[in-house]
Amino acid sequence: MTRAIGPFSPAAALAAIAAAMLAAAFAFEHLGGLRPCVLCWWQRYAWMAALVCALSAVATRGRVASALLLAAALATLGGAGIAGYHVGVEQDWWRGTDACGSALGAAQTAEERLRQLLAAPVVRCNEVAWSFAGLSMAAWNGVVAAAAGGLAMTGLRRQFTRIAP
């Protein structure tokens, strides 16, 4: 049987990191005026999934807690992958998705499309809106996500090492 994941655990640490990353992202948006592109939102979704899974892991015990921590780790590592893709788009290593730079809805006529184009703020995935120490926000997000996912995977490895025969 696996040990319960307690309040000072990889799951709790991952939940705290995810909450802090989401708070920072929303602060940059709402206080700093940096509107997120579609890839920024995908990275946020990964953090949201990790937060829900990690908090659920803290609240449960045994194998269920381990499975939830694994899900949180995979969501975080997936977010690191999305961040890496985003960095590649920023650096023009490859093209972004069709949604990058487009905030248009389903217009029926050319006139409606023109009104949408003129009214919609365009946030492009290939433009670095903020950087620190030579790394973009997407790059920093990738670094933190990879480290947090690694922390969770290390915690899982330790759990399974303790219960192995």
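What does a probe at VAL143 reach in region 61-94, counting residues whose amide N is under 14 Å from the point 7 Å along Cα→Cβ? Output list for this probe position: 84.
Shown in residue order for region 134-139 are the 3J(HN,Hα) couplings computed by the Karplus curve 6.51 cos²θ - 1.76 cosθ + 1.60 at θ = phi - 60°: x, 10, 6, 4, 5, 5 Hz (x for Gly and Pro). Computed extension length for VAL52-SER131: 25.6 nm, one decimal, from 0.36 nm per residue of separation with the Cα-Cα distance subtracted. Dipole check for region 10-163: with +1 at the C-beta of Lys and Arg, -1 at the C-beta of Asp and Glu, and the Cα centre as origin, the magnitude is about 740 Debye.
Give the calculated FRET efficiency between THR109 and TYR45 to the nearest 0.05, with a Förster radius of 35 Å applied to their Cβ-Cβ distance. The partial results should precede the final answer.
On the way: r = 32 Å, r/R0 = 0.92.
Working from the Cβ atoms, E equals 0.60.
Can you pull the Kirkwood radius for region 10-163, inverse mean 1/r over Cα pairs, to one decimal in Å? The Cα-based Kirkwood calculation yields 16.8 Å. Net charge in the neighbourhood of LEU22 (other residues with Cβ under 11 Å of its Cβ; Lys, Arg +1, Asp, Glu -1) is 0.
Since every read-out is calculated from the coordinates, none of them should be taken as a lab result. The model shown is predicted, which means the values in this text are computed figures rather than measured ones. Cβ: placed from backbone, ideal geometry, glycine included. Neighbour counts: every protein chain shown.
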